Amino acid sequence: EMRQGANKLILRGGMASIRSILARNDGIYDDGERDRRAKTFTVQLEAGRTYQIDMRSTRFDTYLFLHDDRGRLVGEDDDSGGNLNSRITFRPNRPMRLTIVATSFNGNSVGDFTLSVREVNAPPLEREDIDVPPDVVIPR
C-alpha cells in the first residue's frame, strides 16, 4: 500500500527514463514487513510484450516493487541489475497500467536515482529459422 500520488511515465519508442530523488519527505510504502520511504510511478504496458524495469543509484541500495492495475504484487527485486541496482523483467498477459514503487533496501535511504522502463525486443526471425513443411514455398 502506497500513501502518495504516482508520477506518470510515458513510453516513447518503447523507452522511458527519469532521474529522481528519494527524499525524507517522500511517501511511505508498506510492503507488509516495514514502512519504506518511496516514490511511485505508473506506466501503461501492452499485452505480450516484455519490459525491463531498472532502478540505479550510486547513493543507496535500490529496491523495486511492481503492482498490476488490480493492486497485486507482481514483482520485486533488490540486486538483479548488478552491484546494488534493481532490475525486473516483466511480461504482462493483458494491457495494464503498472505501478512501480522505487525505494531502498533498508527503507529509509535518501539520494538520487534513475528509473528506466524499456521494451525488450526479441531478435527478428531469419527466414531460414522458420520451420516450414517441405511442400510450402516461401517467396524470396
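Of all residues being of a type in the set (D, E, K, R) and in a loop (DSSP other than H, G, I, E, B) in the range 8-26, which is farthest from the chain's Cα centre (by Cα)? Just the residue, please.
Arg24
Looking only at residues in the range 27-45 that are open to solvent by 30 Å² or more (accessible area, probe 1.4 Å) and in a strand (DSSP E or B), which one is farthest from Val117 (Cα to Cα)? Full working, then the answer.
Going through the range 27-45, the residues open to solvent by 30 Å² or more (accessible area, probe 1.4 Å) turn out to be 28, 30-35, 37, 39, 44.
Next, from what is left, pick out any that are in a strand (DSSP E or B): 28, 30, 35, 37, 39, 44.
Working: Ile28: 22, Asp30: 23, Asp35: 25, Arg37: 21, Lys39: 15, Gln44: 11 Å.
Out of the qualifying residues, it is Asp35.
Is the range 17-28 home to any residue that is in contact with a strand residue (DSSP E or B) (Cβ under 8 Å, 6 or more places away or on another chain), among the aliphatic types (A, V, I, L, M) and within 17 Å of Arg97 (Cα to Cα)?
No, that holds for no residue.
May I ask you to verify whether Thr58 is β-branched (Val, Ile, Thr) and open to solvent by less than 90 Å² (accessible area, probe 1.4 Å)? Step through it out loud before you land on a result.
Values: β-branched (Val, Ile, Thr): yes; open to solvent by less than 90 Å² (accessible area, probe 1.4 Å): no.
When the stated conditions are applied, Thr58 does not pass them.
Considering only the range 46-53, I want to know if a residue exists there that is more than 17 Å from Phe105 (Cβ to Cβ) and open to solvent by 60 Å² or more (accessible area, probe 1.4 Å). Don't jump to the end; show me each part of the working.
In the first step, residues of the range 46-53 are kept if they are more than 17 Å from Phe105 (Cβ to Cβ); the result is 46-52.
If we keep only those that are open to solvent by 60 Å² or more (accessible area, probe 1.4 Å) too, we end up with 46, 49.
Checked the range 46-53: at least one residue is more than 17 Å from Phe105 (Cβ to Cβ) and open to solvent by 60 Å² or more (accessible area, probe 1.4 Å).
Please count how many residues of the range 80-105 are of a type outside the set (Lys, Arg), over 14 Å from Leu45 (Cβ atoms) and either open to solvent by 80 Å² or more (accessible area, probe 1.4 Å) or at pLDDT below 95 (or both).
Total satisfying the criteria: 6.
The values are calculated or read from the model by the stated rules, or taken from the named source; none is laboratory data. Bear in mind the structure is a predicted one, so any value in this text is a computation, not a measurement. FYI the Cβ positions are ideal-geometry reconstructions off the backbone, even for glycines, and counts take in every protein chain you see. The accessibility values were calculated without ligands, DNA or RNA, using every heavy atom of the protein model including side chains. Shrake-Rupley method; radii C 1.70, N 1.55, O 1.52, S 1.80 Å.
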